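Worksheet for the structure shown next.
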Amino acid sequence: MDNNEKIKHILSSIFGFDSFRIGQEEIINAAIKGQDVLAIMPTGGGKSLCFQLPALMQSGLTVVISPLIALMRDQIFQLRANGVKAASINSSYSEQDNQHTIEKAINGDLSLLYISPERLRLASTIEFLLQANVKIVAVDEAHCISQWGHDFRPEYQEIGKICDRLGGVQILAFTATADEQTRQDIVEKLFRKPPEIFLHGFDRPNLKISMAVRNNGKNQLLTFLDNHQDQSGIIYCQSRKKVEQITQFLNENDIKAHAYHAGLSKEQRDKNQDIFLIEDAIIIVATIAFGMGIDKPDVRFVFHMDLPKNIDNYYQEIGRAGRDNLPAFIYTLYGLSEIYQYRRWIEEGDASIEQKQIEHKKLSYLVALCEAPFCRKVALLAYFGEDSEPCGNCDLCKGEIKIYDGTINAQKALSTIIRTKQLFGLEQLVSVLLGQENEMSIKHNHHNLSTFGIGKDISAHQWKSIFRQLLALGLVNIDASRFNRWVVSEEGWQVMRGQQKVQLREETIQAKQKSLRRKSKKQDLIENKDCNEKVLTALKAHRLTLAREKSKPAFVIFSDKSLIDMAVKLPKTLDEMSNIYGVGDMKLQRYGEDFLSIIAQEL
């Protein structure tokens, strides 16, 4: 059997796939040829297969460096379910269990060994790895190596030196979020020689992105959830207090939700995380402490109650939805309050001036995405240097927001900033435009300015939207070090001089609902209309029963995509079942007859 035949055999018999996703095959071929690899692939693009399959093509050990125990656990569950010899050494296991795993690694009884970068640094770890015939070191979440990355971890920077001590092993590195500067940093600090670099884009076509100004956030959240009943999702909040408030609020409205944040005990966090992984239609309300280690493929939505801290965090967090490539929904609420707060945190931090400039830039990109007048996917991918066509899926592409020539309104706002000597914040600037005589206006003689009352024709809500958009367009800046005063940029002066037009979005004011809950049509997850809903419901119920019995995540048994494929194809024999997406030899042996009987009962 030549390499190509062996690859196809492993892909089908172990992983249950009949073809590769875009970009996987060329990465795997390079890895099998012994080349060092740096692969940047979108979340849900199948990065894990790109080091798991090469590991099974050779006789030595592949060591996988992974940042979180939860992520290791999920991948090991899935590998073992497919009949692969995989294990982990970490603090959640007893010393005796870890020693047993070490012995298996030394004796050649493991194909993949997962460890954290912190454990990799230990002299005892290096000592046993020198005896374990390590052939490949696979580095997951490789952006953690770079100080420019959003999840920088100093321990990651030692991986390259440790690989040298292990005898110059092959290095495969993977990440979903790395701009050009971060990629250069990874290459410099991890590899001895230039790796083969694969850049397979950052687009996630199955994610449908929407953003809105926060205006009664709880109401907006319930309206969104009415369209996503009986689906699993993550709701992100910036503070522990808000996580608790939103969790309580949802449970009071008969929506199953569990909290996750660093203030909870480890036992409670683990319990809530396991419920989310094992059960269907569970919502987790969390700080950003949750998610990086979660590989649950059927997360159907991510909802941000607050704006993330920068565009890298945003991309990483929305990437936790729709990893099975089925439709998933992203909704983000934002306001100027968190933008002010993040600017202040950056300025008050201990980072270098260069690092602060980078952090301000990353936040500005996210603000620009919020206030984009065109396709959000185009704006998001442009940050990563990727050109794209309008997605047709986001709220802007669907025509939910109208665009108009806002040059005159922009000039009014900019002129007000200038005439108040660029010393004031948003509230006072809006007051001047509306002609509101307050203590500040009288004290600083603002009521005598030519711009006083020039903006009475529109509301304060609309003026605040205009200022946010001017900020997103780079026409103004906020000086966080001086009471969040607004200043006009060079580009803003060009608008003032009539050298540049400004396109703005119309801001509509949402009417308050009399009732928070309302009957809504649930979003249609299944695009294949041949799917037998009755069969699918029965298959999901049986999968949940098995997951509870085995205390394993439901997706480890079969993913939603596999169950949908069964409900479409309705297999009657084991041979037909073997052609279902994600059904390899081991899963066919373990669950084939069982799930065939469920299908037969419902037909």
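The values are calculated or read from the model by the stated rules, or taken from the named source; none is laboratory data. The structure presented is a predicted model; accordingly, all values stated were derived computationally and were not measured. FYI the Cβ positions are ideal-geometry reconstructions off the backbone, even for glycines, and counts take in every protein chain you see.
Some observations on this one:
- Of all residues in the stretch 210-251, those that are acidic (Asp, Glu) and either at pLDDT below 95 or in a strand (DSSP E or B) (or both) total 2.
- Residue match in the stretch 309-321 (condition: closer than 23 Å to Leu250 by Cβ and aliphatic (A, V, I, L, M)): yes
- Exactly one residue out of Ile358, Ile339, Ile353 is modelled with pLDDT under 90 and in contact with a Phe, Trp or Tyr (Cβ under 8 Å, 6 or more places away or on another chain), and it is Ile358.
- Scanning the stretch 431-478 for residues being over 24 Å from Tyr365 (Cα atoms) and hydrophobic (A, V, I, L, M, F, W, C) gives a total of 10.
- Conditions (1) surrounded by fewer than 20 Cβ atoms within 10 Å (Cβ to Cβ); (2) in contact (Cβ under 8 Å) with a residue 60 or more places away in the chain; (3) closer than 21 Å to Asp295 by Cα: number failed by Gln52: (1)
One line per residue, one yes/no per condition, for (1) closer than 30 Å to Glu359 by Cβ; (2) at pLDDT below 85:
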| site | (1), (2) |
| --- | --- |
| Lys443 | no, no |
| Gly453 | no, no |
| His461 | yes, no |
| Leu470 | yes, no |
| Ser481 | yes, yes |
| Val487 | yes, no |
| Glu506 | no, yes |
| Gln513 | no, yes |
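- Gln357 fulfils the conditions (1) touching a residue at least 24 places away in the same chain (Cβ under 8 Å); (2) outside the structural domain of Ile454 (by TED's automatic domain parsing); (3) of a type in the set (S, T, N, Q) except for a single criterion, (1).
- Residue in the stretch 334-346 that is surrounded by fewer than 15 Cβ atoms within 10 Å (Cβ to Cβ) and of a type in the set (Asp, Glu) present: no
- Subset tally (residues that are out of contact with any Gly (no Cβ under 9 Å at 6 or more places or on another chain), surrounded by fewer than 20 Cβ atoms within 10 Å (Cβ to Cβ) and of a type in the set (D, E, K, R)) for the stretch 555-589: 4
- Yes/no for Gln181 being assigned to a helix (DSSP H, G or I), within 30 Å of Pro373 (Cβ to Cβ) and not hydrophobic (A, V, I, L, M, F, W, C): yes
- The residue of the stretch 338-370 that is nearest to Arg468 (Cα to Cα), among those that are of a type in the set (Asp, Glu) and within 20 Å of the chain's Cα centre (by Cα), is Glu338.
- Qualifying residue in the stretch 195-204 (condition: more than 21 Å from Ile330 (Cβ to Cβ) and part of a loop (DSSP other than H, G, I, E, B)): yes
- Some residue of the stretch 163-186 being more than 22 Å from the chain's Cα centre (by Cα), among the polar types (S, T, N, Q), modelled with pLDDT of 95 or more and not assigned by TED's automatic domain parsing to the domain that holds Ala39: no
- Enumeration of residues in the stretch 16-47 that are in contact (Cβ under 8 Å) with a residue 60 or more places away in the chain and in a helix (DSSP H, G or I): Glu26, Ile27, Ala30, Ala31, Lys47
- Qualifying residues in the stretch 551-586 (those that are of a type in the set (Phe, Trp, Tyr) and over 19 Å from His9 (Cα atoms)) - the one nearest to the chain's Cα centre (by Cα): Phe555
- Residue count for the stretch 465-502, restricted to those that are touching an Asp or Glu at 6+ places or on another chain (Cβ under 8 Å) and basic (Lys, Arg): 3
- Extreme residue, nearest to Tyr156 (Cα to Cα), among residues of the stretch 106-116 that are of a type in the set (Gly, Ala, Ser) and either crowded, with 18+ Cβ neighbours inside 10 Å or within 27 Å of the chain's Cα centre (by Cα) (or both): Ser116
- Residue match in the stretch 241-248 (condition: farther than 26 Å from Arg21 by Cα, in contact with a Leu (Cβ under 7 Å, 6 or more places away or on another chain) and free of Cβ contacts under 8 Å to residues at least 40 places away in the same chain): no
- When Leu433 is tested against (1) under 24 Å from Trp493 (Cβ atoms); (2) at pLDDT below 95, exactly one condition is not met: (2).
- Some residue of the stretch 117-129 being surrounded by 18 or more Cβ atoms within 10 Å (Cβ to Cβ) and touching a Lys or Arg at 6+ places or on another chain (Cβ under 8 Å): yes
- Test: Ser88 is in contact with a helix residue (DSSP H, G or I) (Cβ under 6 Å, 6 or more places away or on another chain), surrounded by 21 or more Cβ atoms within 10 Å (Cβ to Cβ) and either modelled with pLDDT of 95 or more or among the aromatic types (Phe, Trp, Tyr) (or both): yes
- Residues of the stretch 447-468 satisfying the condition of being over 31 Å from the mean Cα position of the chain (by Cα) and within 17 Å of Val488 (Cα to Cα): Thr451, Trp463
- In summary, helices (runs of 4 or more DSSP H) completely within the stretch 315-432 and bearing 3 or more residues that are in contact with a helix residue (DSSP H, G or I) (Cβ under 9 Å, 6 or more places away or on another chain) and farther than 24 Å from Gln500 by Cα occur at 336-348, 353-370.
- Residues located in the stretch 321-333, provided they are closer than 22 Å to Arg240 by Cβ and either surrounded by fewer than 22 Cβ atoms within 10 Å (Cβ to Cβ) or of a type in the set (A, V, I, L, M, F, W, C) (or both): Leu333
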